[in-house]
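The values are calculated or read from the model by the stated rules, or taken from the named source; none is laboratory data. The shown structure was predicted, so the numbers you read here are calculated from the model rather than taken from an experiment. Note that we place each Cβ from the backbone using ideal geometry, even for glycine, and neighbour counts take in every protein chain shown. In case anyone asks, the SASA skips ligands and DNA or RNA and just uses the protein heavy atoms, side chains included. Shrake-Rupley method; radii C 1.70, N 1.55, O 1.52, S 1.80 Å.
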Amino acid sequence: MGEVGLWLRWTWRDLSARWVQVAAIALIIALGSGVYAGMSSSAVWRRANYDASYAALQVHDVRVSLAEDTYVDAGTLRAAAGAVEHPELLAAVEERLIVGTQVDASTAEEQILVPGRIVGVDATGGGPMIDRLHVRAGRGLDGADGATAVLDDHFAEHYELPPTGTVAISGGTEVAYAGLGFTPEYFMIASDQGSFLAEAGFAVLFTSIEDAQELTGHAGEVNDLVVTLAEDADAAEAARELEVALTAALPDAALSVTSIDDDRLYRMMYDDIEGDQRLFNIFAVLIMAGAAFAAFNLTGRIVEAQRREIGIGMSLGVPRWRLAVRPLLVGVEIALVGVLLGIGVGLVVGRVLSAVSEEFIPLPIWDAPFLPMVFARGILLGLVLTVVATIYPVWRAVRVDPIDAIRTGPAAAHQSRLVQLVGRLPLPGTSVWQLPVRNVARSPRRTALTALGIAAAIATLVAVIGMVDSFLATVDRGEREILGDTPDRIDVRLDFFYLEGSEQVAAISAIDGVAAADTTLAVGGRLGSGDDAFDVYLGVMDLDSAVWHPTIDEGVVEADEPSIVISQKAAEDLGADAGEVVPFRYPVREGVGYRFVDGEVRVAGIHPNPYRFLAYLDRSHAGMLGLEGIINVVSVVPERGADTDALVRALFEQPGVASVEPVDAAAQRIRDLIGEMVDYLNVVRGAVLLLALLIAFNSSSISADERARDHATMFAFGLPTRAVLAVSVAESFLVGVLGTAIGVTSGLVLLRWLITVLLPGTMPELTIDVEVTTATLATAGILGIVAVSLAPLLTLRKLRHMDISSTLRVVE
């Protein structure tokens, strides 16, 4: 214990002498280990909360959906499900009625008129038993006081609507709602056009199936069925048997049978966890790399200061491993302080992420507990990286010959080839102003490590902010394509399929304020085959319409055969160019219903919109769907100077109108989505900014210690403090430029990898442009060059109070 106590006292002296640098490095280690632990925890409890929330609300295992605008008599779907080959596979079955509508929640201060959906459920006993309704405020579906509905909580919270009230739906019918809530299918809100997090522009009303039938005019009809399975039932087998039974009972109806795993929102929520975790791991490792470089620098400085002591010890026969214990203990103690602080940082990061996640996706069960094993991994990572970073400088110090370690004076300095090369360069200015360049070259290892520490922070910063830049650039590209030359047009979705010359369409075109109108048929389809297939939103329209048509970058639409225009992302995922044939599943009218047909279609062209799910078919080929002359969307262009809000309300009041939405609303929703994602990235960005500042300060502080004799010599020759400080600033500037150059280059490479390799797995519906704005590069420059250059100003007090004679003294 005596020897251990001596080592501990020595290391305490070493730490006390450099407590400022020690504190800075400990904070850097705390940031690295804490960010890693906090972000890793978020992945664990997000998954646990999702599982618990879905289970608590009895999410369906299998869903049967009829094609759009297809309905059957109530009880038909339930009876067909009861005819499956093995009815014991099914635990419970409930029918539903889901109909698109328009929701008017306008207040005296704001017009709130958005597309939406009425979801009629089995309200026996206060609500459905499958896909239960979670009421966050007010009451459920008990019908008290004449209130017959529950309004989606996401929509109500966005517009700060009261927990009880009245909204109007298509046709002007008023619906009183008794509370705010949601079901498992609406943990996140997606519009009919596929936009996620669409609570600002999409409203859902939950009501009893009887009230839904009355409100929508579909008396005694349903179009949806949800099923929960027995505990040991095979979901795939149950889905197959359901499809067989329903197809036999309803041969003329187009329907789809899907498991919960096929639900796009369900998949996205869980896939997003994995993608976020991979992203967080990369950022945490980069932060830890900065901490490791900082620890490396400080340990090297301590070892260098003890060089003569180590040499004397070796001369006296002390084993090298004993001499190595002291500086190694310093690294271990710094690491321990850092990781202990990291626990606190991790808890803060976890709470911030929990708050952001809960606001992002409110769930009935949301808990963010402390996870000891996850934090233990973060602690272990911080310890290992820091200790490894201290081993090399210690190993290097104890390998020198004792005589070289003891020697002082000019002969003790080792000049690298870089120093010799710089010495031959005709540098401008006096010898004093040449010092920064020579100092940088004199310690290439320390310069490189400091630059790499700064580069790690800058690379992370460029990657984080660059992702935001890239998302916004992608949104801008999609917005330009969607808006085209008529950015003020309004899309009017009808409540059924109508003939182009119908009175409903004519009435819309005749409204005051409408300058032009064009019609479209919007249906669903699926491109590709097997696991690589994906859904598309197919617009059947005039591809040279004067109102709006997609831009075709590649290929030519021909009239001789059916062909579609798809996005560049869809073409890449399908591995198809313009002119090639791809698998295509599409609806075909058959009698009064529809059925899906699996076939092939030629790719006529490729449009630049970044959203994969958008595809277009020329109106002349509507015959392949059996829907010639049939439409369900009208695009309206307002007259110049027309009141858009008044026109939207006039359109909303027309018979046959299900929803009215300005086309720029979708782009705004995506911008809102980016804003939510930025909240996650801001956690990393804040850690990175603090990391870079700590590295800059630590570098300057260590440099000031290393250059103490140089500074004292300059003071002895009469140089003023401002000149000595200017030399330090210039040296830091050179290191900052080097670190920033490496960081920006690495950050751009990292950003491209994140966007081209990592994100496609978590955001398959979007082609993201790699974009870094001038503002981002300027931020990196300010942080990596300006902040690092100004960091020596923090040593001004030390320079002013320097004891010149003591600093210059060397005891032989």
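Other residues with beta-carbon under 14 Å from the beta-carbon of L725 carry, at +1 per Lys or Arg and -1 per Asp or Glu, a net charge of +3. For S805 and V384, the FRET efficiency from 1/(1 + (r/R0)^6), where r spans their Cβ atoms and R0 equals 41 Å, is about 0.40. If you sort D560, D710 by accessible surface, 1.4 Å probe, largest first, the order is D560, D710.
Projecting the alpha carbon convex hull of region 508-548 along each direction and taking the average yields 3.9 nm². Each 10 Å bin from zero up to the one holding the largest Cα-Cα distance in region 485-560 carries the following percent of pairs: 13, 39, 33, 13, 2.
From most to least packed by mean Cβ count within 10 Å, the peptides 362-372, 88-98 give 88-98, 362-372. From the square roots a ≥ b ≥ c of the eigenvalues of the alpha-carbon gyration tensor of region 16-172, which class results: rounded (a/c under 1.5), prolate (a/b over b/c), or oblate? The shape class here is oblate. Only residues of region 785-807 count here: report those whose backbone N is under 11 Å from the spot 7 Å along Cα→Cβ of T721, or say none. The answer is 795-802, whose backbone nitrogens lie closer than 11 Å to the label point. Surface composition of region 41-124: carbon plus sulfur atoms hold 50% of the accessible area, using a 1.4 angstrom probe and ignoring ligands, DNA and RNA. Each 10 Å bin from zero holds the following percent of Cα-Cα pairs in region 196-284: 12, 25, 34, 20, 7, 2.
Distance between the 7 Å Cα→Cβ label points at T173 and E580: 4.9 nm. Against the chain, whose longest principal axis comes from its Cα atoms, helix 664-706 is set at around 10 degrees. Please compute the modelled spin-label separation between A516 and R649, points set 7 Å along Cα→Cβ, answer in nm with one decimal. Output for this residue pair reads 2.8 nm. Coordinate range of the alpha-carbon atoms in the chain per principal axis, descending: 104, 58, 53 Å. Extension gain, R136 to D51: 0.36 nm times the residue separation minus the Cα-Cα distance gives 28.7 nm.
Gain on full extension, evaluated as 0.36 nm per residue between R752 and D544 minus their Cα-Cα distance, stands at 71.3 nm.
Between D271 and A506, what is the FRET efficiency for a Förster distance of 51 Å, r being their Cβ-Cβ separation, to the nearest 0.05? After rounding, the FRET efficiency stands at 0.65.
Counted over region 210-250 with a bin width of 10 Å, the fraction of Cα pairs per bin, in whole percents, is 23, 35, 28, 14. Other residues with beta-carbon under 13 Å from the beta-carbon of G34 carry, at +1 per Lys or Arg and -1 per Asp or Glu, a net charge of +2. Ordered by solvent-accessible area of protein heavy atoms (1.4 Å probe), largest first, the residues L329, L793 come out as L793, L329. In the full protein context, region 148-281 carries 37 Å² of accessible surface per residue, based on a 1.4 Å probe and ignoring ligands, DNA and RNA.
A Förster distance of 51 Å, applied to the separation of the beta-carbon atoms of E160 and E558, puts the FRET efficiency at 0.45.
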